[in-house]
Structure formats: C-alpha cells, structure tokens
1. Hey, how many Å between the Cα centroid of region 451-515 and the Cα centroid of region 319-362?
2. What are the GluC sites (Glu not before Pro) within region 491-557 that DSSP puts in a loop, where the Cβ has at most 14 other Cβ atoms within 10 Å?
3. Could you size up the charge dipole of the chain around its Cα centre, putting +1 on the beta carbon of Lys and Arg and -1 on that of Asp and Glu, and report it in debye to the nearest 20?
4. Over the chain, with every protein chain in place, what whole percent of the accessible area is carbon and sulfur at 1.4 Å, could you tell me?
5. Let me have the relative contact order for region 342-444, percent, based on Cα pairs under 8 Å that are six or more residues apart.
6. ³J(HN,Hα) across region 558-571 via Karplus (A = 6.51, B = -1.76, C = 1.60, θ = phi - 60°), whole Hz, x for Gly/Pro?
7. Given the options Ser550, Ile133, Thr412, identify the residue whose Cα lies farthest towards the positive end of the charge dipole of the chain (+1 on Cβ of Lys, Arg; -1 on Cβ of Asp, Glu).
8. 5 Å is the cut-off here: which amide hydrogens, built 1.01 Å from N in the peptide plane, fall below it relative to Ile522, excluding neighbours closer than 5 in sequence?
Amino acid sequence: MERYICIHGHFYQPPRENPWLEDIEIQDSAYPYHDWNERITDECYAPNSASRNLDREGRILDIVSNYSRVSFNFGPTLLSWIQKNSPEIYQAILDSDRQSAGWRSGHGNAIAQVYNHMIMPLANRRDKRTQIIWGIKDFEYRFGRFPEGMWLSETAVDIETLDLLAESGIKFTILAPSQTSRSRRIGTGKWKEVRGSRIDPTRPYLFRLPSGRSIIIFFYDGPIAQAVAFGNLLKKGEDFANRLVSGFSDARDWPQILHIATDGETYGHHQKFGDMALTYALDYIESNGLARLTNYGEYLAKHPPTHEVQIFENSSWSCVHGIERWKSNCGCNSGLRPGWNQEWRRPLREALDWLRDRLAFIYENIAGAYLGDPWKARDEYINVLLDRSETTLNGFLDEQTAGGLKREERKTVLTLLEMQRHTMLMYTSCGWFFDELSGIETVQVMQYAGRAIQLSEEVFTDSLEDSFKGRLSRAKSNVPEYENGALIYDKFVRPAMIDVRKVAAHYAISSVFEDYMDEMQIYSYSVGREDYQRVNAGVTKLAVGRVSVSSDITGDSGLISFAVLHFGGHALNGGVRTFLGTEAYEAMKHEILVTFEKGDFAEIVRLMDQHFGMHNYSLANLFRDQQRNILNSLISKTVEEFESSYRQIYENNRILMSFLLDTGMPVKKSFFAAAEETLNYDLKKVIQEEVTDADRIQNLLGDMRKWNVTTDSVEIEFTVRRKIEALMEQFCMDPGDLSLLTEIRKRLELVKILPIEFNYWQTQNIYFRLSKTVYRDMLRKTKTRDENALQWINIFTYAGELLFFNVASVLPDE
C-alpha cells in the first residue's frame, strides 16, 4: 500500500512595524540583531532555505532547501518584511516552491494564509472576506499562481469561514484532529463519532457546506505534531523519521498520508538545529524507501476524499476551550504568574469591536462619495499594498472611482483605506495570546487602533479616542503601575503617534548631526529641503530651516519651519511649526541668527518659545534608530576616555597584579574589570585588521585565560563572522585570488582557537556554491600541472575541512 509523508510548517511572526513609520525600529532584546524578525530569520527562515545534511561524524554531505520538500505557508506580513530586508532568503523561498511544483506533478509546496492572522470566527463576514482575498492576492503576487490551500490563523474555524474559502476557490485547509466531531464514508448514511481527536489523520475529508459548496480538510497527526513542537523529537533526525513512519498502519487499505503541522519556527528558532533534524529525517525517509514525500495538493489530486466530516465550530489548535483565548479569561496562557489573570481580553476585544463598527460607518459614508463600492475597493486595495508605485495607485483609483479625483479627494480616499487596513491589523491574534495587557504584542494592536483613530480624525470631525479609551479602561492590567488599558494607551500609544510635524522635528534635530541631501526619505515620509542654514560657535550649533514633508502612504503633507539649538552633548532645544509664509519665516530666521551671532543663547531659547510655542523638542523625540546612532556618536569620546582609563590601569599594574596572583594574594576586582575591558577591546581590534596576526591573538587569549577574563563572545563572534563573510564575498568576485583564499584559511583557523560558538552558515553556503563551480575549473587546470591551481585546490580542500564539510562527498573528483 502506498505511503506518503507531508510535513507542514506555519511560518509566522506577529507584525512588529511601527504603524506610523511602516518599519521596525531597533529592539534591544534581539541583540546582537537589529530586531526579532532579523534574529529569527537568521535562526530559522534562512537555515531552512539551505539546511545541512550531515554524515555520522557531523560533517556536511549536502546543502538543501527544506522549503522544497515540505508544505509551508508564510504570513503575508512576515513575507513582506523578508522581501524587503532579506531578499536572498525571500527569493530562495519562492524558488523552492517552483522547484517543488516540478517534483510534485505541478503542485507547489506553498499554501496561502489569511492576511494578518486574524481569528476568523471572531471576525464579521466582511472582514473575513477581505482577509481571504488579501491572502490570495498576496500569494499570487509572490508565488505566481493561485493557492490550492489556505492556512487559518491558529486553525480557528467556523462554517462561514470555510464557505468563504470555498467561494474564493480554495480547495483545502488544515485543522487539528480535536476539531472534528463525526465522519463517514461518502454516500453512506451512518456517521461515526470521532470527537476527542479520534479522527484518522491519514486521509483527506470532504466537508459539505450549507451553501452547497464543499471544501477538503486535512486533520494532522496530533501526537506526532506535539512531540515535534514540545518534545525532544528534533534532537535526532533518525528518531524523527522513525516517529513519523510509526504513524502508518498495515491495517489501513488506502494510500495513507502521514502529515503533521507545527509552527515553522520550531525548525531552528524554538529548537536549535531543528532545521537539520528535519533535513536528515526527510533524507532518511526517501533514501530508505520508507515513504514518498508529498504535499497536500499533489496527494489530493491523486487520491480524492472517500470520507466526509463534520467539525466543531469555533474551535482552534491552541485553545482547548475553542476560541476563548482571544476573547476571555479561559485559563489558556503562556505560563501564568501567581495572581495574574486574563480578564482584560474581553474588554479589549469589545473596545476594538466598537471601534471597528464606528470606523466602518465613517468609511462607508465618506468613501461612498468617491468610490463606486467602498468594500470592494477595500478588497482590491491589496494591489496597492503590494506595489505602492504611482502607476499601480493611479490604476487602482481610476478603476474604483467614477471620475478623476482632486488632490484632497485622493488624499481622503487613501486615508480612509489606510484607516481600514489598520482596523484589520488591530485584530492580529497575538494581541490576546499572551498573559498581560501591557505586553508588546497587545500594545502593538492598540497602536494599530491608535493609528486608525488618528486617520479617522483627518476625515471626520468627531474624535473617537476618548470613547475608545473609556472602553479600554475596563481592561485591567496585572501590573499595578499600568492600571488599565486607557493608561497603557496613554503611555505607549499616544507618544508613538507621528504626524508631519514630528517627522519635521526628527529631520531638524538630526540635521544638526548629519549632512542631508535636498531630498531624502525618512521611513514612509518624503522630506524636501526648501531652505536651510546651520551655523557653529564652538560646540554650540544652530540650525534654522523650512522643509516639505509628505506621507508616501496617504499623501498627507505640510510645510514646516524649524529652529534647533544644540549646546553640545545631549543638550538640545528645538521648535517646529506650520509654515506661516515667507515674510514671517524670514523674520524669525533673521532674528534668531542675529541673536546667535551675539552669543546670547538664553535669548535664542526665549525667541524659540515665542516663535514655536512652549513645547520643546529634544533628542528624546528622534525615531529610535537615528536616536541610537546619534547618542552613540555623542558618547564615543566619553567611551574612549573610559577605555583609555581602563588601559592605563591595566598596563600600569599588570606586572604587579601578576606578582600578587603568583603569591596567592587576592587581586583587586577593579583590576579585573580593567583587564576585561582592555583585552576584549584589543581582541576585537586585531580581529578586524586586514591581515590575521595569529601570534597576537594567541597572546591576548593567553592573557584572558590568565586573568580569568570573560570574553565578549557575542560581539567577537559577530565581528569575526562579518569579516569572514566579507572575505568570502570578495573571493566570489575573484575566486582565483590565492592570497585571498590563504587569508580566508587563516581566519577559519583562528575561529578554532577563539572561545566562541561560531555561526558558519553563510560562509558554508558560499563555499558550497564555489565547490560546484570554481573548484571544477581549478581541478581541470591541475591536469596541466598548473602550480597555482594545485596550491589553490589544496587550500580550498583544507578550508572545506575547517568548515566541517565531508570534502570527499562535496568536492567533485573530475
């Protein structure tokens, strides 16, 4: 009997973008990475695009894409981030789907997902439809084909959602075994009770809908999926393979599909090296003929359902109470602290539902004056989100409006559509999943709500904010100082709000420290310099100017004038205001510049209050990344002074402290601190040099061991890795450079002696590519007794050994 195996990975991260900037600001908790998306990409999404298949000694036999061999879906919001920030990985994901379609009878491994991970049974019909349409359109834009299947957030399901999937042309979805109640063979009258996860997961099931439509449901193998996600099954690839195969039964007389579904992040992020365990298991299954790898689309084409099923509505895979986790204090949490509860979930959802309905009323009534069908326009707006070019936007507006829109009308329409986009984003499921109202995921959905409210105020006279906050106040925080949702909104949402004035303030303040072009981009805003003058008097600087600021998203714009006085260090005073005309601007500019030339800085501050009002801007008002860069620049001299002091303490006292150490006397803690700072600094510096000084590094490491100094392993690994990767990229440009190859070899030898856990991933990938191309050319040259080629082959082979390749298997012999 035929046996098939399909492993599905649900790859998703909660959106982390600032709703006003449309980008992720620096997240210190992800150090040494910029943010958590970048970190998880490095730990999971990238490794699965080029995963290692190892031999028994742990050496690399091959590098393959797991995406080409497993079923998967990526959340559209995550894939959009990967496209922008990691284009090589993005392309590898798309290429893997195309490759899998060639292997699987034209059925690609990728399936779609509802757009922003909304819990569908808790959404109204209109939002469900848009989520599905946006998910399909996003998929088609990226993968170049219509999706056969669609992943439902948290596998949360109701009949209306399934009917909308079927209506949209989706053939199948995947649910947990606990979500089914009864099954039977198609054409028979007798239903069999299968509640309690007793459904047979090795076949597809037909689900008949009241509308007369139908959809196929695959119920994954629950126990094996649980063992993968929460057990130790990924510690050893062979154990994983055998556990998968154990799900088959000779008692079954149909072509069985053994399939599991877990978070894709299980393979590398949640479980380190999980990607390699997956690779090994898949190779082990195929090479030993234990089963045929497949995906849902291919299996379904070959083996249509013979049975039908009924489900439990309003159920999910991650809440035993159905979908209560996203609306009540059901008891599901991520590890409840004593005294905490999730009573806040219900009032949060009720507040958002109220806001959604109010915003829908505003949208429908105002947009109706411009758009032929406002809700159809919202469904089609995904085309603009995928491509914000002027051509696409103009085409969209021409199609959705009766005639040409004036500039202000165009801005109104885009503001309303963005208001609706953020209204849906505020329902991202992560906002309710965890334990505390003030958690970053819940604050994120509140920020989406705040952005939607702000946009509504640009087109509607009445503000909804106070009423919304009143409802949020019913959501009580577990953290005493945060009290409730209204206070959290004031603390974390209102300060994050951005308009053209704040963008201008950011420009004005940062322009004191950087030289800008006449036209520049600040996240999703375009800034044009219309007038600017900066003058210095010692460490004190004054900048006065006028800029035009416009949103690339809605077209909201303004002319802003400003003045910034920098006293040195972090002391800075700035003011911005709407441009009041050339005469008023020139008068202000002249008055402040003349006063600056007199050196009367206190008077300048008074004049700034007079011209710009009492609200002052400072470095605290900069957007986070730029703020970090400027502050690092400002403290660089102080840091140098610290380092110089530490070095002086270390150099002046190391001989005496060594003597004390030899005699058994305690060495002062302050000396150890100086030694740690100095030796780590020197080690990082010598590592960054163009030519490897192995002796110097060995001496530094010896001194670190002598003084029992803790190595800054994270930063040193990052420094070494970036250097080697840069050399490898340079080598790709000139692969015949023997001296460069020799330097790479020295760097790889250096890694062996450093007390760090090194990430070889990118270096190994480049080496593997070269082994399939350049190595073969060099091998041919050795047949003509080319001495350089012979030396190149020897060094390259040795480098492969240093990179843990099974060179006998990886390097071609002809």
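The values are calculated or read from the model by the stated rules, or taken from the named source; none is laboratory data. Keep in mind that what you see is a predicted model, and the values were worked out from it rather than measured. Neighbour counts are summed over all protein chains in view; Cβ atoms, including those assigned to glycine, are modelled from backbone coordinates with ideal geometry. Note: areas computed on protein heavy atoms with side chains; ligands, DNA, RNA excluded. Shrake-Rupley method; radii C 1.70, N 1.55, O 1.52, S 1.80 Å.
1. 21 Å
2. Sites meeting the loop and neighbour criteria: Glu514.
3. 2320 debye
4. Ligands and nucleic acids excluded, carbon and sulfur give 49 percent.
5. 32 percent
6. Result, rounded to whole Hz: x, 9, 10, 9, 7, 8, 9, 10, 10, 8, x, x, 9, 7.
7. The residue sitting most towards the positive pole is Ile133.
8. Val527
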